[in-house]
Each structure stands twice: as C-alpha cells, then as structure tokens.
Amino acid sequence: MKKFDPFLTMLIGAVILASLLPCPPAGQIWLDRLSTLLITLMFFFQGAKLKRHAIIESLQDWRLQGGTLFASFVIFPFLGFALYLICHAIFKDGFIKPELWTGILFLCCLSSTVQSSIALTSIARGNVPASICAATASNILGILFTPLLSGLLLHRSDSGSGLQTIIEVSRELLLPFILGQLTQKWTGPIIQRHKILLSISDRGSIIVLVYAAFSTAVLQGLWKRIPLIDLGKVALLDSILLFTLLFLTGLLGKILGQTKENDIALQFCGSKKSLATGIPMASVIFPSGAGIIVLPLMIYHQIQLFVCTILARRYAQRPLTENSSHTRHEG
C-alpha cells in the first residue's frame, strides 16, 4: 500500500473545487438528489458484491469479531468523549470549534474500513480471512450503531432523534444493501467481472458527495469560520486517537489470547474508520453541515494510512513461524 493514497488527492481536489466554485443554491437541490441516488447505488453494489458466506463466517470467531466491534463502537466513542471532556476542562474554547468536535465524535462512532484493513493485514502477514470477516461485520452493524451512538454522544437537534436517524440511514443505506444481497445471484457475477467499474463508481460517488457537502459549507462561510490552525489541531487530536487505539487493540489481542496473526487483524480493523461509509452517512445524518463534519474524518483517513502502513511493514519483518496464517490478499 502506498503511503499517500491517490484517492485522497481527488478528495482534496473536490474540496478545492467546492471552495473556488461551489454549486450555486439553484443547483443544490439537483446535486442533493444526485448525491442521494449515488449513495443508494453505492450500497446496492456493496450488497451485491459481498458474498453471503463472508457475512456468516464473520460471526464464527467471537474473540476477533467481538474485539473489533468492541474497539470500533465502545472503546473509540469512549476515548473520543473523554478527549472532548479533557480539552474542555483545560481550554476555555474547547481547543477546537464545536463543529469540528462534532466531526471528531462522529468519526469515533463510525465502522471500520474494509479495503485498507484487509490490505494492511496482508502486508503485515496477518490473518486476512479474519480481517475480511471482522471489517465486514463492523460495516454492516455500523449502519445501525453509528447513528445511534452519534445521537447519544452529540445530543444535537440537527443530528435528529436516534430512532428517526436510524430509520433514515436504514432507508438510504441498509435497504439498498439488502436489495443488493437479494439480487446477488444475478448482479453479483456482473459486478465481479467489472470490479474496476465498481471501484470507479464507489470513488466517484464519494467525490460527488464531498463536493456537495463542501459546496454547502463554503456558501455558509466554512473557511471564514475554520482557520488553518484548527486543521492542525484536528490532526493532533486524530493522531492521539489513532495511537491510543493502536495501543489498546494490541493490548486487547493479548488479553484475548489470540495468535499473532489474529492480533494484527484486530489491531488494524479495530483502529480504522471508514471514509467510504462515513461521508455518505454524514450526508444523511447531518444534511446541513456535512462539509465541516467530515473534515476530521478526511484527515484521520490519511494519518491512519501513513502510520499503519509503516506498522504493517514492521510486522512483516518478523520471523516466519509454523503457525503463520498469512493468506493472499483477496479484496
């Protein structure tokens, strides 16, 4: 895996374009409709692509799967909220602006990312099949857990009530995913034959969503409200969260008594946060403020790729053992 993700370059380009040429209010309604359509298609394709046996297998290794879910949806939100309380106790202004804190707390509630978790586990000679199952389970359950946890942590009127938000997210994300699963017999082979088109579709969808979210934010005065120094502060807070999670997931693996290969899968799956799921979900949960709210996630995404690639290469240098379960990267 490259230290610098080319996809991030495209995302930054979308932010720059939205900053210089934001979509005018007259076109915003059509951009919003396009964004909703792209979200629906993206999760439909994900449902059609994901083999059903991978979902079933994700329930079998309870220690690894439970550890990943515990890290993603318990440890991470708890640490994010603790960091929020500490910063507000030390700094009168809370260290960063409230909108950015919303973004960080939202980041803490997201599911793991699938592709980079699998790739990094493969580089590190970890248990690749287990990482596929763990990241998959995290993503599926995140559709329900993320809006619920966001509502509990944020207590904001614009995040909607927990039940209402879950209904909206389920309609726009979970329902298309289920439809993709139900039609997998017919659509799955087509998607498997055209993986590059699916990748372009997924990434293109996210780029459009980023442009739409930042267009709204720029028209609302984003860069007048968020100075560059605050972005540096967000990077610092994101780094604290990442390094703390890497340490705690490594410790959790030892407590659970897993193999080294499973420890690696747990560490990478448990410390990751999904950009591909987070941006569409932010557009649903925070329709009026998604641009600012996804900034911490975009910064965290690049930090996690850089740091975890270095860590994976370090793990890869360990001596081979008879119990090594390294498996060829499948995704």
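The values are calculated or read from the model by the stated rules, or taken from the named source; none is laboratory data. Quick caveat, the model's predicted, so the values are computed rather than measured. Methodologically, a virtual Cβ is constructed for each residue, glycine included, from the backbone with ideal geometry; neighbour enumeration extends over all protein chains shown.
Values for this structure:
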{"item": "Unique residue being hydrophobic (A, V, I, L, M, F, W, C), within 23 Å of Leu149 (Cβ to Cβ) and touching a His at 6+ places or on another chain (Cβ under 7 Å) when the list is Leu275, Leu242", "result": "Leu275"}
{"item": "Subset tally (residues that are closer than 17 Å to Ile140 by Cβ and surrounded by fewer than 17 Cβ atoms within 10 Å (Cβ to Cβ)) for region 184-194", "result": "0"}
{"item": "Helices (runs of 4 or more DSSP H) lying entirely in region 71-128 (those with 2 or more residues that are under 21 Å from Ile292 (Cα atoms) and out of contact with any strand residue (DSSP E or B) (no Cβ under 7 Å at 6 or more places or on another chain))", "result": "76-90, 98-108"}
{"item": "Spans of helices (runs of 4 or more DSSP H) in region 204-320 with at least 1 residues of a type in the set (A, V, I, L, M) and over 30 Å from Ser170 (Cβ atoms)", "result": "228-256, 260-271, 295-316"}
{"item": "The one condition in (1) more than 17 Å from Leu248 (Cα to Cα); (2) modelled with pLDDT of 95 or more; (3) buried (at least 23 other Cβ atoms within 10 Å of the Cβ) that Tyr84 fails to fulfil", "result": "(3)"}
{"item": "Some residue of region 263-275 being surrounded by 23 or more Cβ atoms within 10 Å (Cβ to Cβ), over 21 Å from Gly67 (Cβ atoms) and modelled with pLDDT under 95", "result": "yes"}
